[in-house]
Amino acid sequence: MKERIVGQVKRVNGPVIILKDVNDAMMMEMVRIGEQQLVGEVVKLYDGQATVQVYEDATGICPGDNVYGSGMSLSVELGPGLIGTIYDGIQRPLEKLMGASGAFISRGLNFPAVDHEKLWAFVPTVEVGAIVHCGMKFGTVVETDRVLHVLMIPPSIAEATVAQIASEGAYTVDDIIVTVVLPNGKEEKLTMLQRWPIRIPRPVAERLALKQPLITGLRVIDTLFPLAKGGTVAIPGGFGTGKTMTQHSIAQWCDADIIVYIGCGERGNEMTDVLREFPLLVDPRTGQSLMERTILIANTSNMPVSAREASIYTGITMAEYYRDQGFHVAIMADSTSRWAEALRELSGRMEEMPAEEGFPAYLPTRIAQFYERAGFMKCLSGIEGSVSIIGAVSPPGGDFSEPVTQHTKRFVRCFWGLDRSLASSRHYPAISWLDSYSEYLGDVRSWWNEHSDGAWQLHRLEIMELLQKEVRLQQIVKLVGPDALPDSQNFILEVCALFKTAFLQQNAFDLVDRFCSVEKQVKMLSVILDYYQKGSEAIAKGVPMVKIRRLKVVQEMARMRLTIGNDDMEAIDKLQLRLERSIDQLGGIYEN
Amino acid sequence: MRTNKESLLVQTDRHLLSGREYRGASRIDGPLVYMRNTHAVGYGELVEVTSPDGTRRAGQVLDTSDDAVVVQVFEGTDGLTLPGTGMRFMGEPLTLPVSEQMLGRVMNGLGKSRDGSAIPHGEAERDVNGEPINPTAREYPRDFIQTGISVIDGMTTLIQGQKLPIFSGNGLDHNQLAAQIARQAKVRGNSGDFCIVFAAMGIKYDVARFFTDSFEETGVLDNVALFLSLADDPSIERTITPKTALTLAEHLAFDKGKQVLVIMTDMTNYCESLREIGTMRGEIPSRKGYPGYLYSNLAEIYERSGKISGRSGSITQLPILSMPNDDISHPVPDLTGYITEGQIVFDRSMQARGIYPPINCLPSLSRLMKDGIGEGMTRADHPHLSNQLFASYSHVKDVQNLASVIGEEELTTLDHQYLDFGSFFEKKFVNQGFDEDRSIEQTLDLGWEALSKLPSEELQRLTDEEIAEHYGK
């Protein structure tokens, strides 16, 4: 890549470089700088000059260094071999980098994203003479035990006739698999590999309405604030409130087919934790290792800031590629605030006029563009797939009024606010039931009602009402003490306290509790509401609340999330029966 | 446009030109010196600055372009004149000669001797800016470090390879605590080759003295490398001090296989120096005037800790920072908390009540604790026990609030039990002597003693077996 010199370095200011003598550089073109061949991207062109942002540490770059053009925008390689790999922000495989430079990452290294030597077992699905359209499947490759990789005609070919196709067998990603003839008579040779520029969304046929929930296995999310497949959600929270833990849990247990986990400007050890843990964890639905459906992007906080900016786009482009194959993909971006800060840092270095708190004025546009790439789509080939985005936000000082949180709220339809006081008392996941909301309630209502005998909507409403009542009662208690309340109201406090420990809290390290099935969630909620119903009736008959609270079966309820297995519905039914019987007995004593 | 051949010539020229001295600065502003008409100078290059009286100082290129170079001078610009300032661009980034013999020595922020004695020749030259550790090469830290301090061992366990800052305030006992940790820290069942790298940024002479005395008393001074950039040293030197210290730490840990504890105090001073330079260069500030790249910059320091698989050493960081006005949402503690693996938060009211260490465990957190405690590491009941202590102690705070409104007499019996628990927890569990070294078993037993003040049905985070085994014993 030393053929085309696009200009020379004029000025270096950290990750931003000004070029002079520029005439044929393209906007957003990927370039390589100096003899070290550092990766950069053209972000501005003016008067024979260009501004380039560098994706690696700029130390040692001199004015006068040559800059070489690549002729294409910053893009990613898409093909079999992505799953299970860990990349940096510009899709360089970190394991390969380690092989080349050891434990520390040196600069100027360049590796293809997928293994070009590895042989894949290809199975053709079209025949010679067939007419193919963009996005259409022409073959499959078993990528991992659970991912059947679909090879598609790239979006650039609208219609063509298959002139030649490889027979079933083992090929590398560079081998020519299909030759197609375009209507104008031109031939195109296709391999298993496609390239796509990261900043441009991959085309789809149509956006569809959202209707299925993304089941995460976290009760507070699934039951109270559900996210739809193809939806977007923000998780804001100060440090230590459990953003990363929540993201990890969702990445581990949600029912998406593919997970793209973007560690954007976060801790190195956290990524190591994911790397170490995911291969060991087993998906409760398929019984296979979680790494078999996961792509990781690790651009830790000490890696170059421009690559951090790009990492989000790298991730979503890979997600869209799998969506086009008909998969449901979930993206975890941890954290979008670091990405916004990277934008701010680069904008500051380019001496642009800042808007709020130093962030560039185009921040809301960029956030909107990113979240709009989510959706439940009818793909070009006609099959359906979805990309859901779960973005963590790290507001400075835990203050939700800062620009990134505020602008993100404008473009997401679901909000899981993390609460510091809950985190301090180790109530995890610390998702506040008062600040959070989900606009997908209407979209997923029919799905949920189908899976809960129509109970979900009513039960959800009932418990939310109780939680609201509790807030008011707590205010009174704070003023006059709990003894001032009648037992009937004290019982609401009691039920809410139980609901929090028995239902909302979830222990990510407990083998049973870390994932909760839909059926179990429905049953658990119904037991707790039954407790409220029966208990209130008993109290009306004159049973003191303390007696109800001391029932052994109530203690058992508090632990049912830990003690009852995910498909042991009978155990919960039995618990409910015993609960009803115990309270009836108590009622019987006091009635007489 | 130049051809490849021409550009190769330029490269060669540059090599030959590096080391050549230029005289006459065009502008001096605070720690920054601007120079025109030099050869093409690389970004981040090391610069040797000569003052009119012939003394030499170190600097680094902050901005380079066709017509001017901006150099920040680490030892300050006092005494420099426009015509009399000389500069030599060394053609390579700032490096530190590192060697094991640096242990036991007192150096300035650039790694030069502070007491005039010669520093031994380095075994290797290292770029002080370091390179990021590849996340795939890291080994997840999980070895429990016993500090002998109950509230840390029990509630916010320190793990080898962790970065755990102390969020303190002016006048609080953070120095005592850091010294106590440095003295008592050990990995059980593995004595290891332990050493300390100490970096002081803008702290007072007395504080530096306190640390050296404390290291001397316990006889570990020979195992400590001190990098001191005190309050009366040029503030710009502080911006390089932690990087120099960590460069040595990396050498000791990853080349020599030592277990290195890096104590850095005070990170707030470091950030203020960065702000100073940023303002002087006319950069667009973000919160409270701090530069927009403060997060990335702090990350470059804090992320230089951890373990690498296949190598025996580790770097554990214990940065100390004072929260201006005890405000945890101030940019420095806030950004630090987002990078580090937890935090230990000091509480002024606890210190006022005579509790040492005055650690408020509720906002404190150790993110790596989950994998370093429990069966085979500390004790099987540790995870649930600490969880329960957190939950119960947090309830104590609610009860205390309630009591301050309705009066203690109005509280229920259960609430009184909680108050008893709270007071035992603070006075017996948290509070301990400056020289008191408690084993993890002692700590956990004390925790159980505290919980035994509560009725057993309140302990919902513990299993029945654990309660049967330890409760009320």
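The values are calculated or read from the model by the stated rules, or taken from the named source; none is laboratory data. In this text the structure is predicted, and so the values were computed from the model without any measurement. Neighbour counts run over all protein chains shown; Cβ positions are idealised from the backbone, glycine included.
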Item to complete: Return the total of residues in region B:60-78 being out of contact with any Leu (no Cβ under 6 Å at 6 or more places or on another chain) and either facing chain A (nearest Cβ under 10 Å) or modelled with pLDDT of 90 or more (or both).
Response: 11
Practice prompt. Could you tell me whether region B:399-414 includes any residue that is in a helix (DSSP H, G or I), in contact (Cβ under 8 Å) with a residue 12 or more places away in the chain, within 18 Å of B:Met350 (Cβ to Cβ) and among the hydroxyl-bearing types (Ser, Thr, Tyr)?
Written response: no
Practice prompt. Scan region A:502-553 for residues that are out of contact with any Phe, Trp or Tyr (no Cβ under 8 Å at 6 or more places or on another chain), of a type in the set (Lys, Arg) and not in a helix (DSSP H, G or I) and jot them down.
Written response: A:Arg550
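Being within 14 Å of chain B (Cβ to nearest Cβ) and modelled with pLDDT of 90 or more is true for just one of A:Val67, A:Val132. Which residue is that?
Numbers: A:Val132 fails: within 14 Å of chain B (Cβ to nearest Cβ).
Just a single option satisfies the conditions, and that option is A:Val67.
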Fill in: Members of region A:403-435 found to be within 24 Å of B:Asn387 (Cβ to Cβ) and within 14 Å of chain B (Cβ to nearest Cβ), listed by number
A:Leu418, A:Asp419, A:Arg420, A:Ser421, A:Leu422, A:Ala423, A:Ser424, A:Ser425, A:Arg426, A:His427, A:Tyr428, A:Ala430
Worksheet item: Under the condition of being closer than 24 Å to A:Glu320 by Cβ and of a type in the set (D, E, K, R), which residue from region A:342-396 is surrounded by the most Cβ atoms within 10 Å (Cβ to Cβ)?
Response: A:Arg373
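Just the residues that are touching a Cys at 6+ places or on another chain (Cβ under 9 Å) and outside any loop (DSSP other than H, G, I, E, B), please, taken from region A:120-159. Walk me through how you get there before you give the answer.
Of region A:120-159, the ones touching a Cys at 6+ places or on another chain (Cβ under 9 Å) are A:135, A:152-159.
Matches in region A:120-159: A:Met152, A:Glu159.
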Worksheet item: Considering only residues of region A:135-165 that are surrounded by fewer than 18 Cβ atoms within 10 Å (Cβ to Cβ) and of a type in the set (A, V, I, L, M, F, W, C), which is farthest from the chain's Cα centre (by Cα)?
Response: A:Ala163
Practice prompt. With the checklist (1) free of Cβ contacts under 8 Å to residues at least 60 places away in the same chain; (2) crowded, with 22+ Cβ neighbours inside 10 Å; (3) of a type in the set (Lys, Arg) in hand, flag the one item B:Lys163 doesn't pass.
Written response: (1)
Response to the item:
Among A:Thr191, A:Thr144, the single one that is of a type in the set (Val, Ile, Thr) and either farther than 27 Å from A:Thr286 by Cβ or in the same structural domain as A:Val42 (by TED's automatic domain parsing) (or both) is A:Thr191
Practice prompt. Considering every residue within region A:308-324, establish whether at least one is at pLDDT below 85 and within 14 Å of chain B (Cβ to nearest Cβ).
Written response: no
Response to the item:
In the set B:Leu368, B:Leu335, B:Leu419, B:Leu411, the lone residue that is buried (at least 16 other Cβ atoms within 10 Å of the Cβ), at the interface with chain A (Cβ under 9 Å from one of its Cβ atoms) and more than 31 Å from the chain's Cα centre (by Cα) is B:Leu411
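Filter region B:131-146 for residues that are assigned to a loop (DSSP other than H, G, I, E, B) and crowded, with 24+ Cβ neighbours inside 10 Å; which is farthest from the other protein chains (Cβ to nearest Cβ)?
If we filter region B:131-146 for residues that are assigned to a loop (DSSP other than H, G, I, E, B), which is where we start, we get B:131-132, B:134, B:140-143.
Checking which are crowded, with 24+ Cβ neighbours inside 10 Å leaves us with B:134, B:141.
Values: B:Asn134: 5, B:Pro141: 6 Å.
Residue satisfying both the conditions and the ranking: B:Pro141.
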Item to complete: Name the one entry in A:Glu470, A:Glu494 that is of a type in the set (Asp, Glu), under 35 Å from the mean Cα position of the chain (by Cα) and on the phi < 0 side of the Ramachandran plot.
Response: A:Glu470
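Working only within region A:532-587, note down all residues that are hydroxyl-bearing (Ser, Thr, Tyr), over 22 Å from A:Glu470 (Cα atoms) and away from every other protein chain (no Cβ under 14 Å).
A:Ser582
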Practice prompt. Could you run through region A:463-487 and say how many residues are more than 28 Å from A:Phe225 (Cα to Cα) and more than 11 Å from chain B (Cβ to nearest Cβ)?
Written response: 3
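Pick from region A:2-23 the residues that are of a type in the set (A, V, I, L, M) and facing another protein chain (nearest Cβ under 7 Å): which of them is surrounded by the fewest Cβ atoms within 10 Å (Cβ to Cβ)?
Step one: list which residues in region A:2-23 are of a type in the set (A, V, I, L, M), which gives A:5-6, A:9, A:12, A:16-19, A:22.
Those still in the list that are facing another protein chain (nearest Cβ under 7 Å) too: A:5, A:12.
Numbers: A:Ile5: 19, A:Val12: 27.
Looking at the filtered set, the residue picked out is A:Ile5.
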Worksheet item: In the list B:Tyr302, B:Tyr295, B:Tyr290, which residue meets the criterion of being within 7 Å of another protein chain (Cβ to nearest Cβ) and crowded, with 21+ Cβ neighbours inside 10 Å?
Response: B:Tyr295
Worksheet, complete the sentence: Checked region B:25-49 for anything aliphatic (A, V, I, L, M), in contact (Cβ under 8 Å) with a residue 40 or more places away in the chain, within 14 Å of chain A (Cβ to nearest Cβ) and in a loop (DSSP other than H, G, I, E, B); matches are B:Val41
Item to complete: Scan region A:90-103 and report the pairs whose first residue is more than 10 Å from chain B (Cβ to nearest Cβ) and whose second residue is part of a helix (DSSP H, G or I), with Cβ atoms within less than 6 Å and a gap of 6+ or a chain change.
Response: A:Ile90/A:Ala307; A:Ile90/A:Ala310; A:Gln91/A:Thr314
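Is it the case, given these coordinates, that B:Glu48 is within 30 Å of the chain's Cα centre (by Cα) and not assigned by TED's automatic domain parsing to the domain that holds B:Ile236?
Working: within 30 Å of the chain's Cα centre (by Cα): yes; not assigned by TED's automatic domain parsing to the domain that holds B:Ile236: yes.
For B:Glu48, the condition - within 30 Å of the chain's Cα centre (by Cα) and not assigned by TED's automatic domain parsing to the domain that holds B:Ile236 - is met.
Within region A:1-110, which strands (runs of 3 or more DSSP E) (wholly inside it) include 2 or more residues that are within 24 Å of A:Asp334 (Cα to Cα)? Steps first, please.
Numbers: elements: A:5-13, A:16-20, A:29-33, A:38-46, A:49-54, A:66-73, A:75-78.
Once the strands (runs of 3 or more DSSP E) in region A:1-110 are filtered for at least 2 residues that are within 24 Å of A:Asp334 (Cα to Cα), what remains is A:38-46, A:49-54, A:75-78.
Output the number of residues of region A:298-307 satisfying the condition of being facing chain B (nearest Cβ under 10 Å) and out of contact with any Leu (no Cβ under 9 Å at 6 or more places or on another chain).
Looking only at region A:298-307, we keep the residues that are facing chain B (nearest Cβ under 10 Å), and these are A:298-305.
Then keep just the ones that are out of contact with any Leu (no Cβ under 9 Å at 6 or more places or on another chain); that gives A:299-300, A:302-304.
Adding up the residues that qualify gives 5.
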Practice prompt. Sort out which residues of region A:235-252 are of a type in the set (A, V, I, L, M) and either within 13 Å of chain B (Cβ to nearest Cβ) or outside any helix (DSSP H, G or I) (or both), and write them in order of number.
Written response: A:Ile235, A:Met245
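Can you tell me which residue among B:Ile315, B:Ile373, B:Ile344 is surrounded by 22 or more Cβ atoms within 10 Å (Cβ to Cβ), among the aliphatic types (A, V, I, L, M), within 13 Å of chain A (Cβ to nearest Cβ) and over 29 Å from B:Trp448 (Cα atoms)? Walk me through how you get there before you give the answer.
Values: B:Ile373 fails: over 29 Å from B:Trp448 (Cα atoms); B:Ile344 fails: over 29 Å from B:Trp448 (Cα atoms).
When all the criteria are applied, what remains is B:Ile315.
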Discussion item. Any residue at all in region A:422-440 that's part of a loop (DSSP other than H, G, I, E, B), touching a helix residue (DSSP H, G or I) at 6+ places or on another chain (Cβ under 7 Å) and polar (S, T, N, Q)?
Written reply: yes
Discussion item. Going residue by residue through region A:348-367, is there one that turns out to be part of a strand (DSSP E or B) and under 30 Å from A:Gly81 (Cα atoms)?
Written reply: no
Worksheet item: Within region B:422-473, how many residues are of a type in the set (Asp, Glu), away from every other protein chain (no Cβ under 14 Å) and under 21 Å from B:Val399 (Cβ atoms)?
Response: 2
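Residues to consider are B:Glu237, B:Glu276, B:Glu272; find the one that is surrounded by fewer than 22 Cβ atoms within 10 Å (Cβ to Cβ), under 18 Å from the mean Cα position of the chain (by Cα) and acidic (Asp, Glu).
Values: B:Glu237 fails: surrounded by fewer than 22 Cβ atoms within 10 Å (Cβ to Cβ); B:Glu276 fails: under 18 Å from the mean Cα position of the chain (by Cα).
B:Glu272 is the lone residue from the list that is surrounded by fewer than 22 Cβ atoms within 10 Å (Cβ to Cβ), under 18 Å from the mean Cα position of the chain (by Cα) and acidic (Asp, Glu).
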